[in-house]
1. Over 31 Å between Cα atoms: which of Lys185/Lys250; Lys260/Lys522; Lys185/Lys284 fall into that group?
2. Across all directions of projection, what mean area in square nanometres is found for the Cα convex hull of the chain?
3. How do Tyr366, Tyr360, Tyr86 line up, fewest other C-beta atoms within 10 Å first?
4. Compute the FRET efficiency between Leu256 and Ala429 as 1/(1 + (r/R0)^6), taking r as their Cβ-Cβ distance and R0 = 22 Å, and round to the nearest 0.05.
5. Taking +1 at the Cβ of each Lys and Arg and -1 at the Cβ of each Asp and Glu, which of Ala326, Gly362, Ala391 sits farthest along the dipole of region 325-533 towards its positive end, judged by Cα position relative to the Cα centre?
6. Using a 10 Å cut-off around each Cβ, can you sort Cys460, Cys253, Cys401 from fewest to most neighbouring Cβ atoms?
7. Which one, Leu430, Thr97, Trp163, projects farthest toward the positive side of the charge dipole computed for the chain from Cβ point charges (K/R +1, D/E -1)?
8. If exposed GluC sites (Glu not before Pro) are those in a DSSP loop with at most 14 other Cβ within 10 Å, what is the longest stretch of the chain that has none?
Amino acid sequence: MSSLLIQFLNGLASASTLFLVAAGLSLIFGVTRIVNFAHGALYMLGIYAAYSFSGRLGFWPGVLAAAVAVGAFGAAAEIALLRRLYRAPELLQLLGTFALTLIVEDFTLWYWGAEDLLGPRAPRLAGSVRIAGSAFPQYDLFLIAVGPVVLGALWLLLRRTRWGRLVRAATQDRDMVAALGVNQKWLFTGVFALGAALAGLAGALEVPRQPAQLSLDLPAMSDAFVVVVVGGMGSIPGAFLAAILIGEVKALCVALGFSKLTLVVEFVVMAVVLVLRPHGLLGKPWENPRAEEPEPLRAASRAMSIAGAVALVALVALPFFTTGYALVLAVDIFVFALFAASLHFIMGPGGMTSFGHAAYLGLGAYAAGLLLRKAAWPMEAALLAAPIAAAAGAALFGWFCVRLSGVYLAMLTLAVAQIVWSVAYQWDALTGGSNGLIGVWPAGWAASRQAFYLLALVVCAAGILLLRRALFAPFGWALRAARDSPLRAEATGIDVRRTQWIAFAAAGGVAGIAGGMYAFSKGSISPDSTLAVSRSVDALVMVLLGGVQALSGPWIGAAAYTWLHDVLARNTDYWRAILGAAMLAIVLAFPQGIVGALRARFGAGEKA
């Protein structure tokens, strides 16, 4: 019984930190409607800032100074960047905030270094107290009190002050608030600064509990999204309730001896909540009007067709001119182009955003690798099985996912991907666990660099052409109709959910082809290389970088992103900042992506 009580208290302490991060994210989304991918980076910045400030000012002044500093940074980022994106499509906002994350990561690396940094303990809270015969840290008791205090302070701020009333009004109707003469820009800046300060405070308060390290941002962002979505987007009381639920479920897993489940249990909770209550525990439907009208689907222009044919001939001829690293990089580009094209199939024409598309890349990769290594199948058969396994997984998960829309759909796909990642990460006997599988090599006829390059070119080009062909078939028109006007599509006899479900499964199958090729190109598979959240984010960035409105956008974006990532990573330690700056430049100067910018400069081509 005492161990259950201690774990219950541990859950409450963790819930306080989760709530602080999630409250800031929920506040920002509720007013600005921006899904802030940089929120985890703000949390990480809070830990590092508290480490530095506490050494100079003392612990408690250092914690407050860190929160203020991160809030000021958030205000500056909102003024310099996000103000330009409020009227942009939601996905473009994601790309901009992700680019900001990359810049913050490398700033942290440059200023504080790559080593983990251990912060000081809190004065007069460094000991423990006896509870039910067991020792419990005093600092954790303090953290348990922080969550309700911050919730109460936010309630008073939002309910008892004029600024709070304006914030709540903006949450309901931003345009009406602007029409009443309220300076919307500074209201948004204040909200973003407060949200950033809460994330910074959450990070600063974690200094006595964990070291400052560069890998904190993505897990923190993921956890914050889970709490916000479970509680309901924009609902601060919902975030508090969800943080307690998730913190206690994790603690219960530890108390019952299922500690491995803590890697995935929060995503299981999110998936269950979204299936039963699609808008979260205390949430409500959010209207997400498209920032731009969908454009008609057109075949490639004659000039573009000629350019594509010339490029294909050049790619076929490349192995006759080089056998070096260029072929290896080209194979990576082919694989990720196909992967990005499969995501674009449901994002652009389908209107379904996925934060977890790596699940199907990983299912295809593991299916091919396991059949080759465990069942002794030949490469050809294993490669053919990869899309079947991925499509089956996508069909299973998609049946639940397509019942949601917007951010809730995206977060359910993230939950699915994390569940799949957790299974692969912990099933040592089958998948090799965190070490993955090795020895996944192609057959003898495809073992040479040139032969595998040509195989990858043929397979990936065929997959991309298959997706393009589907979009010009009646199914493609039905899919776009389901995206643009679901009610009208239903009225004409189109089964919207069934159409979206089929598209989801088809996109998963094509991603599985890319996964199978990836496994044989690398000779090994691991959960982090194929199933991690970062791989799903890569695919999103590729699609948005190329242009979600263009059929050629995903593979041009994949080529640009993969090449730039490779060149920068091999030549500088601060490649993330340079890549982020380049992405920000594209977001601000060419909001339609690379293809959109080229189309505006040289004339119209294909659109999605």
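Laboratory data are not the source of any read-out in this text; all were calculated from the coordinates shown. Everything numeric here is computed off the predicted structure, so don't read it as measured data. Neighbour counts run over all protein chains shown; Cβ positions are idealised from the backbone, glycine included.
1. The pairs that break the limit, which is 31 Å between Cα atoms, are Lys185/Lys250.
2. Details: hull surface 114.4 nm².
Approximately 28.6 nm², given one-decimal rounding.
3. Tyr86, Tyr366, Tyr360
4. The pair Leu256/Ala429 has a calculated efficiency of 0.45.
5. Ala391
6. Cys253, Cys460, Cys401
7. Trp163
8. With GluC sites (Glu not before Pro) excluded where exposed in loops, the chain gives 293-608 as its longest stretch.
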